[in-house]
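Data block below; observations after.
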Amino acid sequence: MRYEGVLTKMKTELLENVEYYLEFENDFLNLNQLLEKNLSLNFLRFQCLNCGQQKKIFRQGFCYDCFTSIPQAGEWIMKPELSKAHLDQEDRDLEYEKRVQLTPHIVYLANSSNVKVGVTRKTQVPTRWIDQGAHEAIEIVEVPNRYLAGITEIALKAHVSDKTNWRKMLTNDILDLNLEEEREKLKDFIPEEAKAYYLPDNKETEIKFPVKEFSSKIKTLNLTKSPFYQGKLMGVKGQYLLFEDGTAFNVRAHEGFVVELKIA
C-alpha cells in the first residue's frame, strides 16, 4: 500500500494505549495497526504548512518567511512569559493572540525520562503530555491566560527541569514517581499572582504507549540527510516512530516534509 502527503504531527487519542493517527490530505492511517509491519519513507519535497509553497522548511513546518511573520510562530509560543495579549498589546496579530493567550492554561509536571515542568492550553490536555512521551503527568495550576502560566513555569523551573531526556524516553529508561508529592514540593515556589489557581486535589494521569519492543540504543532519522528509509515499525511514543533496528523518526520535526509512505 502506498500513501503520499505532507507530514504534520500525529493526532492522538488516549485509550488503554494511546492511539496514533497520521493524516494526509486524502488519507488517514491508524499507526497502531501497522506495528510489526515493514514501512518505507521516501522524502519527496518540502511544502510550507502555511503558504503551501515548495520552500525549504525553517521551523515548525513553516518556511522562513512564514515563520518570521505569522502569529502561529510568535516568540510567545515557545516563551509563554512573553505573552502580552492580556495587556492588549500586539505581537503579530492581536486578534489571534487574544484567542490563544486569553484562554485557560495549565502548568503541569510530566514524567517522560525525568520530571519536568511545562505549559499548555487546557484544551491540549492530555495531548501535550502524550506528545512529550510522558508515562505520567499531573496539573499544578490552571490560570486564565498564557502569561500567568509562563511566569509560573519560569519560577518552578528553578527547582525542577523543563527539558526531557529524549534518549531515555525512547529507550524506556524511566522511573515511576509520586507526582502528587512532587507537586506539593513546588507549591511554595508558585508566584503570588498564580497561588490562588493551585490545584491540590487533581490526580495524576497515567499514559501507556503502543510499543512492542524498545531498543537499548537509539539513532535518529533525518530525512534531509537520509531521504529514504525502510524498517519494521515496533512502536510509537511521543511523536516518534520506533523501528526494530533502533531508528527513531520524529514526525513533528519533519512537519512540512512531503513523503511517500509504503507498507509492505
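Laboratory data are not the source of any read-out in this text; all were calculated from the coordinates shown. Worth saying up front: this structure is predicted, and the values here are computed from it rather than measured. For neighbour counting, all protein chains shown are included, and Cβ atoms are generated from backbone atoms with ideal geometry for every residue, glycine included.
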- Query: Where does each of 57-63, 37-43 land if you order them by average Cβ count within 10 Å, highest first?
  - Reply: 57-63, 37-43
- Message: Tell me the mean residue ellipticity at 222 nm calculated for the chain from its helices only (DSSP H runs of n ≥ 4, each -39500 (n - 2.57), averaged over every residue, nearest 500).
- Response: -4000 deg cm²/dmol
- Ranked from highest to lowest mean number of other Cβ atoms within 10 Å per residue, what is the order of the peptides 105-115, 213-223, 139-149, 77-87? 105-115, 139-149, 77-87, 213-223
- With T = 20 °C, eta = 1.002 mPa s and Kirkwood Rh from C-alpha pairs, the Stokes-Einstein D of the chain in µm²/s is about 109 µm²/s
- Query: How far is the Cα center of the range 225-255 from the Cα center of the range 110-169, in Å?
  - Reply: 24 Å
- Cα Rg over Rh - the range 75-206, Kirkwood: 0.98
- Query: With charges set only on the Cβ (+1 for Lys and Arg, -1 for Asp and Glu), what does the dipole of the chain come to about its Cα centre, in debye to the nearest 20?
  - Reply: 1000 debye
- Message: Could you work out the pair-distance distribution P(r) of the range 150-264 from its alpha-carbon pairs, with 5 angstrom bin width and percents rounded to whole numbers?
- Response: 2, 9, 16, 17, 14, 11, 11, 9, 7, 4, 1, 0
- Message: Give me a comma-separated list of calculated 3J(HN,Hα) values for the range 214-231, in order, Karplus coefficients 6.51, -1.76, 1.60 applied at θ = phi - 60°, integers in Hz, x for any Gly or Pro.
- Response: 8, 8, 7, 10, 10, 10, 8, 9, 10, 5, 6, 9, 10, x, 10, 8, 9, x
